[in-house]
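Take a look at the structure below.
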Amino acid sequence: MNKKYDVIVVGAGNAGLAFACTATKNGLKTLVIERNILPGGCATSFVRGRFEYESSLHELANVGTEENPGSVRQLFESYKAKVNWVNEENAFRVIADGENGYDATMPAGVEAFADKMEELVSGSRESVIALFDLAKKAEAAIAYLSQGKADPMVMMSEHADFMRMASHSVDECLNALGMPEKAQNIVKTYWPYLGASTDKLDLAHYLIMMARYIAGSPAMPLMKSHELSLALDDVIRRNGGEIFYNTEVKEIITENGKAIGVRIDEGEIYADCVVANCFPETAFSKMMDSKAVPQKALRLANARKKGELFFTVYLGLNRSAQELGIKDYSVFLFNSPDSLQQYRSMDSFDESFVIVNCLNTVIPTASEEGTCTLFLTTMLSESAWAGVNEENYKEIKNRIAKRMIELYEEKLNLSVKPYIEEIVIATPSTFARYLNTPNGTPYGYEVQPWDTMMARIMNANNEQFVENLYFVGAHGDRADGYSSAYSNGNSTAGKILREVKNSGKA
Amino acid sequence: MAKHNLESLNPLKFTELIKNRETEIAKANPEIPKEDLNANFLAQSLHPMKQTLKITEIIEAKDAKIYTLKGEKCAYFTSGQYLSVSVRIEGKTLSRPYSILSSPKDALKGFYKIAVKRVEGGIVSNFILDNLKTGDTLEVSEPTGSFTYEPLRDAELVVAVAGGSGITPFVSMAKAIVEGSEDFSLLILYGSRKEEDILLKNELDSISKNCEKVRVIYVLSEEEKEGFEQGFINAELIKKYTENRAFSVFLCGPQAMIGFADKELATLDLERKYIRHEVHGEVADPLTFENFPENTPETVKITVYSKGEKKEFFAASKNTVLRILEAEGITPPSRCRGGECGFCHSKLLKGEVFIPKELDKRREADEKFGFIHPCCSYPLMDLEIEVSQ
């Protein structure tokens with residue numbers, strides 16, 4: 001244990017892995033320490049009976065196609081990571097209950113999406129096209145800002161729409177665009193992917209995410225998320241990096257206000273910098289000397305809203321998707337067309353919205369022939385889970401799962417229950433156990449009007465609280481999502497590499 | 001017609017983002033964030049990394065003992081789950097899975113019960129039976145395993161096919177039904193050689209006497225006695241006691257007995273979802289598997305990497321990689337020891353292993369990137385392996 005590293009990464013989640021890939025690719029001597037026995041955090045899979053289940057991925061944005069690769073595919077290619085991608089052609093199906101409810105199946109691709117919307121909501125096409133044009137403007141502004149300079153004059157003259165989108169909510173912007181209400185509602189379907197309500201979430205963030213799904217050819221790895229994580233594990237090893245699994249970091253060691261290494265059961269390990277792929281508050285409260293944490297860091301952690309809780313049901317069915325009449329990969333089931341009502345549904349585990357995915361519709365080999373898997377997700381607010389205890393845990397867990405399955409059967413008019421060969425139910429506590437995040441959320445901090453992606457990016461330099469200690473992950477600037485986490489890990493490595501270069505060390 | 005642009009919105013609001021953020025931060029509490037979130041609290045209480053328990057009572061039975069393990073707090077569980085019990089033998093930490101026979105509510109009262117049966121060549125079982133006494137402490141895992149009744153999956157009637165100490169998960173299920181923490185009907189078919197070999201008979205009799213939902217049928221293979229079925233647990237017997245009702249079958253017991261029952265069940269034409277096996281416990285001898293390749297070397301060289309350390313040694317090959325490692329004092333995490341739980345997930349850097357198809361529960365990508373579960377992998381040649389101790 002007397003080795004010294006350039007960098008120690010605490011946690012092999014998506015961002016930690018991407019960080020380590022970029023760091024090792026550029027010659028940094030890197031050690032990754034992971035408390036679980038597997039890499040990936042959320043990005044994993046598990047086996048029960050004859051089924052292997054994707055544990056969390058719905059679809060990965062911005063993978064693109066071989067001919068027209070998106071940022072994620074490019075990043076993986078730059079690592080020479082061995083992943084087989086399978087593109088998903090349809091965007092989503094959404095069924096919203098209640099007055100003015102609808103059942104809409106939306107295709108991917110901007111033109112097809114706009115055509116379909118026009119068919120559903122006459123007179124909406126132009127506003128939808130205008131929206132996707134704004135998405136391009138947002139990407140252009142982000143590209144400009146990521147060069148590290150932000151001339152106010154240039155911003156005002158060339159990126160004024162971006163400034164509007166980045167400081168106004170999805171709702172405010174869609175109203176300003178003059179988009180018909182029903183079209184607005186359908187456009188907002190993806191809000192659960194960011195888990196923030198559309199009256200608080202800024203349009204810039206939502207739109208970039210949405211366009212990356214609709215226009216950016218989303219995809220899934222052929223062998224579920226475990227393939228992504230093992231591919232990155234493989235890259236780190238090939239690049240000469242080291243990974244310790246099943247090893248818990250007990251302390252991030254600081255000296256004179258600087259991070260200098262970590263302590264594990266076997267002893268202390270030193271490094272020039274420590275990159276924590278965990279919530280800042282987890283590091284502050286459990287791994288660090290409280291005196292080493294500046295008050296402002298704690299204030300920030302306390303000011304932020306933690307992401308929502310997750311509850312997922314994994315089903316292995318002993319009939320094929322075709323036999324059961326399952327056609328859609330991704331179906332959103334909402335209690336109302338109104339996204340704020342949908343958001344509020346998370347306050348009750350008897351009413352929360354449900355998203356259902358059937359991987360076999362995209363990857364027929366996702367399970368044995370004659371079978372299929374279903375993956376049902378709902379999200380809950382902290383208060384919805386507050387009354388659960390050890391004794392009512394199992395009953396509540398089965399009650400929620402039953403409601404989710406029956407809702408799907410009812411809305412899609414098909415039968416699932418008699419064909420359940422395997423069932424696994426992951427509650428917020430299951431997520432908490434594996435992810436070790438507050439309330440088990442995979443989502444980092446929920447976007448608030450003062451805590452948007454842009455507010456995070458612009459304040460990043462003021463929020464490097466402990467020297468040589470960096471945080472990467474869903475709680476980072478780009479918030480949740482696989483592609484955001486990879487990008488966050490990669491860009492943080494880039495930043496450290498620039499600093500190393502500037503200090504003349506490398 | 002509406003003009004589709006954002007010009008009605010003020011772009012300068014963007015310039016307030018930094019200021020607004022500072023204002024919100026300044027308003028917030030500067031204390032270390034409190035850890036009182038219910039999902040984390042429950043995760044901790046349901047899934048502690050380890051539990052240190054004291055043996056408070058040992059009850060002798062034929063070739064077996066029942067141990068009561070007490071803790072300040074015992075993690076709640078679902079009947080059918082097991083504990084991975086660790087012991088130190090000659091300086092090496094070895095662990096084995098034991099199904100919990102006490103009820104979930106007993107855990108809340110602060111204890112578990114497990115049964116340990118003497119097995120020929122059973123290193124850990126025999127060590128526990130011969131050495132552990134009241135007052136000793138034991139380290140056990142969280143309760144784990146998926147050999148549990150699932151109301152959304154299983155038939156309302158569960159037929160338990162049990163043999164030997166394989167009765168234990170069903171005793172816990174029976175108690176849970178009595179307590180009301182489970183709600184299903186349980187028909188236990190318990191196979192033993194002779195009446196005297198029946199484990200926990202008094203307990204089973206008293207439960208079935210007082211609870212309509214639990215019925216126990218003892219099946220003796222080497223004795224004919226009134227009030228007992230005679231022979232082996234076969235299709236005939238299952239049909240006789242299930243009387244045309246739909247049912248799920250749960251099997252737990254010695255390999256030979258389960259193998260026989262499986263063949264019998266095949267004649268009943270049940271859907272696969274209605275047949276569930278408890279798989280924990282490894283098969284030490286690979287020659288048990290029909291397709292184990294011939295002419296494998298008797299001795300192999302094993303090179304192990306763990307946290308940057310390297311160790312090399314020679315070992316007899318006819319064993320699981322996990323047991324080979326443990327014999328050298330290398331202990332990757334392990335739980336089920338039957339291929340299923342994936343706790344011993346390790347990277348095979350060089351060499352080839354034999355993995356019986358029926359035990360191979362790896363993820364698809366594990367094969368692509370060369371990961372194995374050492375508990376059900378047998379060396380076919382010299383190996384290099386990286387483990388996470």
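The residues listed here are B:L53, B:L108; of these, the one that is of a type in the set (A, V, I, L, M, F, W, C) and not in a strand (DSSP E or B) is B:L108.
Any chance the stretch B:10-18 includes a residue that's of a type in the set (S, T, N, Q), assigned by TED's automatic domain parsing to the domain that holds B:K133 and modelled with pLDDT under 95? Checking the stretch B:10-18: not a single residue is of a type in the set (S, T, N, Q), assigned by TED's automatic domain parsing to the domain that holds B:K133 and modelled with pLDDT under 95.
Could you pull out the residue among B:S99, B:S86 that is under 29 Å from A:E391 (Cβ atoms), crowded, with 19+ Cβ neighbours inside 10 Å and touching a residue at least 12 places away in the same chain (Cβ under 8 Å)?
Just one listed residue meets the conditions, B:S99.
Residue-wise test of (1) at the interface with chain B (Cβ under 10 Å from one of its Cβ atoms); (2) free of Cβ contacts under 8 Å to residues at least 12 places away in the same chain; (3) crowded, with 24+ Cβ neighbours inside 10 Å; (4) not basic (K, R).
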site	(1), (2), (3), (4)
A:Y434	yes, no, no, yes
A:E463	yes, no, no, yes
A:A479	no, no, yes, yes
A:A485	no, no, yes, yes
A:S503	no, yes, no, yes
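Just one of the listed residues (A:A18, A:A23, A:A61) is crowded, with 23+ Cβ neighbours inside 10 Å, over 21 Å from the mean Cα position of the chain (by Cα) and not assigned by TED's automatic domain parsing to the domain that holds A:E368, and it is A:A23. No other residue among B:K50, B:K13, B:K70 is surrounded by 13 or more Cβ atoms within 10 Å (Cβ to Cβ) and either more than 8 Å from every other protein chain (Cβ to nearest Cβ) or hydrophobic (A, V, I, L, M, F, W, C) (or both) apart from B:K70. All conditions but one from (1) more than 14 Å from chain A (Cβ to nearest Cβ); (2) over 30 Å from B:E195 (Cα atoms); (3) touching a residue at least 40 places away in the same chain (Cβ under 8 Å); (4) not in a strand (DSSP E or B) apply to B:A75; the one that does not is (1). When B:K105, B:K175 are screened for being outside the structural domain of B:S334 (by TED's automatic domain parsing), at pLDDT 95 or above, under 30 Å from A:A401 (Cβ atoms) and in contact with a helix residue (DSSP H, G or I) (Cβ under 6 Å, 6 or more places away or on another chain), only B:K105 passes.
Meeting the requirement of 2 or more residues that are touching a strand residue (DSSP E or B) at 6+ places or on another chain (Cβ under 9 Å) and farther than 19 Å from A:S229 by Cα, the strands (runs of 3 or more DSSP E) wholly within the stretch B:302-389 are B:309-316, B:383-386.
Looking at A:K402, A:K411, A:K397, just one residue is touching a strand residue (DSSP E or B) at 6+ places or on another chain (Cβ under 8 Å), within 19 Å of A:L324 (Cβ to Cβ), basic (K, R) and not in a loop (DSSP other than H, G, I, E, B), and that residue is A:K411.
For the stretch B:122-138, the condition of being surrounded by fewer than 22 Cβ atoms within 10 Å (Cβ to Cβ), charged (D, E, K, R) and assigned to a strand (DSSP E or B) holds for none of the residues. The single condition among (1) buried (at least 17 other Cβ atoms within 10 Å of the Cβ); (2) of a type outside the set (D, E); (3) touching an Asp or Glu at 6+ places or on another chain (Cβ under 8 Å); (4) closer than 22 Å to B:L200 by Cβ that B:Q81 does not satisfy is (3).
Matching residues to (1) among the acidic types (D, E); (2) within 13 Å of another protein chain (Cβ to nearest Cβ); (3) in contact with a helix residue (DSSP H, G or I) (Cβ under 9 Å, 6 or more places away or on another chain):
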{"position": "A:I264", "(1), (2), (3)": "no, yes, no"}
{"position": "A:E268", "(1), (2), (3)": "yes, no, no"}
{"position": "A:A297", "(1), (2), (3)": "no, yes, yes"}
{"position": "A:N318", "(1), (2), (3)": "no, yes, yes"}
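Out of the residues in the stretch A:247-262 that are crowded, with 20+ Cβ neighbours inside 10 Å and under 12 Å from A:I33 (Cβ atoms), state the one that is nearest to the other protein chains (Cβ to nearest Cβ). The selected residue is A:T247. Counting residues in the stretch A:199-211 that are more than 26 Å from A:E52 (Cβ to Cβ), within 14 Å of chain B (Cβ to nearest Cβ) and surrounded by fewer than 21 Cβ atoms within 10 Å (Cβ to Cβ) gives one or more. Take the residues of the stretch A:414-429 that are facing chain B (nearest Cβ under 9 Å) and in a helix (DSSP H, G or I): which is surrounded by the fewest Cβ atoms within 10 Å (Cβ to Cβ)? Restricting to residues being facing chain B (nearest Cβ under 9 Å) and in a helix (DSSP H, G or I), the top hit is A:K417.
Tell me, which residue of the stretch A:305-314 that is in contact with a helix residue (DSSP H, G or I) (Cβ under 7 Å, 6 or more places away or on another chain) and assigned to a strand (DSSP E or B) is nearest to B:N29 (Cα to Cα)? Steps first, please.
Kept after step one, since they are in contact with a helix residue (DSSP H, G or I) (Cβ under 7 Å, 6 or more places away or on another chain), are these residues of the stretch A:305-314: A:306, A:308-311, A:313.
Those still in the list that are assigned to a strand (DSSP E or B) too: A:306, A:309-311, A:313.
Numbers: A:K306: 15, A:L309: 23, A:F310: 27, A:F311: 30, A:V313: 37 Å.
Out of the qualifying residues, it is A:K306.
Just for the stretch A:30-58: of the residues that are of a type in the set (V, I, T) and over 19 Å from the mean Cα position of the chain (by Cα), which one is farthest from A:A474 (Cα to Cα)?
Our first condition is that a residue be of a type in the set (V, I, T); within the stretch A:30-58, this holds for A:30, A:32-33, A:37, A:44, A:47.
Among the residues that remain, those that are also over 19 Å from the mean Cα position of the chain (by Cα) are: A:30, A:32-33, A:37, A:47.
Working: A:T30: 21, A:V32: 18, A:I33: 18, A:I37: 21, A:V47: 25 Å.
The residue in question is A:V47.
The values are calculated or read from the model by the stated rules, or taken from the named source; none is laboratory data. Small disclaimer: the values here were computed from a predicted structure and weren't measured. When we count neighbours, we look across all protein chains shown, and the Cβ atoms used for this are built from the backbone with ideal geometry, even at glycine.
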